[in-house]
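Scroll down for the structure; my scribbles are underneath it.
The values are calculated or read from the model by the stated rules, or taken from the named source; none is laboratory data. Computed from a predicted model, the values in this text were never measured in an experiment. Cβ atoms come from the backbone with ideal geometry, glycine included; neighbour counts cover every protein chain shown. Heavy atoms of the whole protein, side chains included, go into the accessibility calculation; ligands, DNA and RNA do not. Shrake-Rupley method; radii C 1.70, N 1.55, O 1.52, S 1.80 Å.
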Amino acid sequence: MANEIGLYIRRERERQGLTQLQLAQRMGYKSKAAICKIETGDREIPRKRLAAVAKALGCSPAMLCGIEQNPTETADFVADILLDSEMVDMIKT
């Protein structure tokens, strides 16, 4: 589970164009080591820390657990489908 959460954290961090160091600094860490360990699953993340990471990334803890999808990604996915004429034709049939 820790590794899955770490992957969601990494994905969201990268989606926002942040480095591990930038995220660490947003959370008050002096180095990126803790973020690296969380993302790779080498360190379990306590609930309080999960909430802090979510706040630093501007998303919900549920999204970082894979329970909730990022609304921007969902909107982009729907837009891609609507702009793909083959997909639209498939949906119509």
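In segment 44-58, of all residues being open to solvent by 30 Å² or more (accessible area, probe 1.4 Å) and part of a loop (DSSP other than H, G, I, E, B), the one that is modelled with the lowest pLDDT corresponds to Pro46.
When we screen Gly41, Gly28, Gly6 for residues that are loosely packed, with under 13 Cβ neighbours inside 10 Å and at pLDDT 85 or above, the only hit is Gly28. Taking first residues from segment 32-44 that are among the acidic types (Asp, Glu) and partners that are at pLDDT 90 or above, the Cβ contacts under 6 Å between residues at least 6 apart in sequence or on separate chains come to Glu39/Gly6; Glu39/Ile9; Glu39/Arg10.
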